[in-house]
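The values are calculated or read from the model by the stated rules, or taken from the named source; none is laboratory data. Values in this document were obtained by computation on a predicted structure and should not be read as measured data. Backbone-built Cβ (ideal geometry, glycine too); neighbour counts: all protein chains shown. All accessible areas refer to the heavy atoms of the entire protein, side chains included, with ligands and DNA or RNA removed. Shrake-Rupley method; radii C 1.70, N 1.55, O 1.52, S 1.80 Å.
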Amino acid sequence: MIKAGIIISIVFPIVSGVLLISRRSVTERGRRIYCEVVACLTSAIVWWVLCHGCADAFSLYSFTRGFRLSLGLDGPGMLFAGMVSSMWPLVTLYAFEYMEKAVHKNSFFGFYIMTYGVTLGVAFSGNLLTLYVFYELLSLVTIPLVAHYQDRESMYAGRVYAAYVIGGAAMAFFPTVVMTMFTRGGFIWGGYSFSALSLNYMLILWLFGFFGFGVKAAVVPFHAWLPEAAVAPTPVTALLHAVAVVNTGVFAVTRLTWYVFSPQRLYGTWAQIVALIISSVTLLYASARALRERHFKKKLAYSTVSNLSYMLFGIMLLTPDGLEAGLLHMLFHGIIKMSLFLCAGAFIHKSGKHYLYEIDGAGRKMPLTFLFYTFGALSLTGIPLFAGFVSKWKLLMASAEAATVWSYLGTACLIIAAFFCATYSLTASVRAFFPMRNGDLWKDSDLKDPTWRMLFPIGLFSVLNVVLGVYPGPVLGFLDQVSRGVF
């Protein structure tokens, strides 16, 4: 039954999305009910599977030289699937109001639902080849979402996005094929043998995979697509380009590093040093770019680029504490950034404005929206009693305990980036509630908070942000077991 649940959770939203796209006409109410029911049913199936615990990998299809498509469930898969399935129904609800005046709604929501199933395919992948197949499918089904508005700016962003993610998949294809053909690891995670590979050849293979999968994680110099994709509708930038798509990159790097090549083989090598340097440079550079950016959503996009490399830095320390901290930040940053993007989208939707200088005084007209935004900004900065503090503190502790030159370099970058983060994330809150004299742009306007369909998801993510900051114990306990191989 667990195997059937895993398969259904992937296939059901993909088929449902195709059916919605194929419909020529459907009422607004009918579309909303259909999409929300599909999202909720899929999440219910996922959580039924998760409640039954881990499941051994099982083969769906096998072909020449050990190539197998297989599915299964272990600790990292439980984390990623649980994270995605908790967020998707909420952001789908948010999208109904945000997209109420948009065109091509069947196409938008169809691809949006299909993306849910493909993302779950990544989470439930039982080997590297299966992960790669769903990783590539995720690129293909999200390109239409980035270019949804079909204006000049959106079409350019779609082309940039396609070029980067497909190019990254081409790099990742090399280690995927070689590892399957020349080792005995076509079936399960952890079953890979390296008897036919020299150390340097293995490290070069891994580095191709790191940068290939790292394109979706927006590592320098492959980060430019993420700020460009901020022109997409906010439900896309929030759920896909702040959580699902980008975290797929982090998740794939984690699988490749810890479950294919293994940290014991990579620790102390030149390849690990390259990865740590790239991660440190990315998190510092992107936070500096966020500090200078004036476009509201692009500022948050650069912040995402920076925080993705927080995760990669922890994972690439190749210690259990580093893995735990990296996965913890993947979860907590997803919750925080979801709230921030949804707040930004609410302001853009209600005002039609996109730049920071246009926010002055908006907090007095949209108090709930910008109050929730402030909670997210405080958490992202790393203020105690918020979730962001817990994951960033764990990253700093893991880095200090690694006690290498490169971990100390990363620690310095983390601390500097935290100061930048405090500045760029809280700027919008200050301008919204405390505009300069004669700077209240919305004093005589009818600007107001959105309806409950937008505020409920934003508020729930804000509550989770606080609850997990005050009481992170269960999550820490689970990730401690994951990092030490219990799950």
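Step by step: first the residues of the stretch 400-445, then only those that are among the acidic types (Asp, Glu) and touching a residue at least 40 places away in the same chain (Cβ under 8 Å), then the one that is nearest to MET316 (Cα to Cα). Which residue is that? Of everything passing the filter in the stretch 400-445, GLU401 is nearest to MET316 (Cα to Cα). Being more than 16 Å from TYR116 (Cβ to Cβ), in contact with a Leu (Cβ under 7 Å, 6 or more places away or on another chain) and at pLDDT 90 or above is the requirement here; does VAL250 meet it? Judged against the criteria, VAL250 is a match.
Residues in the stretch 301-314 that are open to solvent by less than 10 Å² (accessible area, probe 1.4 Å) and under 15 Å from TRP225 (Cα atoms): ALA301, SER303, THR304, VAL305, SER306, LEU308. Going by the conditions given, is PHE372 in contact with a Cys (Cβ under 7 Å, 6 or more places away or on another chain), open to solvent by 30 Å² or more (accessible area, probe 1.4 Å) and modelled with pLDDT of 90 or more? So PHE372 passes the test. With respect to (1) over 28 Å from PHE96 (Cβ atoms); (2) more than 20 Å from the chain's Cα centre (by Cα); (3) open to solvent by less than 30 Å² (accessible area, probe 1.4 Å), the lone exception for LEU426 is condition (3).
Table: residues versus (1) in contact (Cβ under 8 Å) with a residue 40 or more places away in the chain; (2) among the basic types (Lys, Arg); (3) open to solvent by less than 10 Å² (accessible area, probe 1.4 Å); (4) closer than 17 Å to VAL37 by Cβ.
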residue: GLU97; (1), (2), (3), (4): yes, no, yes, no
residue: LYS105; (1), (2), (3), (4): yes, yes, no, yes
residue: PHE124; (1), (2), (3), (4): yes, no, yes, no
residue: LEU137; (1), (2), (3), (4): no, no, no, no
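Against the numbered list (1) in contact with a helix residue (DSSP H, G or I) (Cβ under 9 Å, 6 or more places away or on another chain); (2) in a helix (DSSP H, G or I), GLN264 comes up short only at (1). Determine whether THR130 is in contact (Cβ under 8 Å) with a residue 60 or more places away in the chain and not hydrophobic (A, V, I, L, M, F, W, C). Here the answer is yes, as THR130 does meet what is asked.
Taking the criterion of being closer than 14 Å to ALA81 by Cβ and in contact with a Lys or Arg (Cβ under 7 Å, 6 or more places away or on another chain), the only residue of the stretch 104-150 that qualifies is LEU131.
Which of the residues spanning the stretch 26-54 are small (Gly, Ala, Ser), surrounded by fewer than 19 Cβ atoms within 10 Å (Cβ to Cβ) and within 25 Å of the chain's Cα centre (by Cα)?
We begin by selecting, within the stretch 26-54, every residue small (Gly, Ala, Ser); these are 30, 39, 43-44, 53.
Restricting the remaining residues to those that are surrounded by fewer than 19 Cβ atoms within 10 Å (Cβ to Cβ) gives 30, 44, 53.
Matches in the stretch 26-54: ALA44, GLY53.
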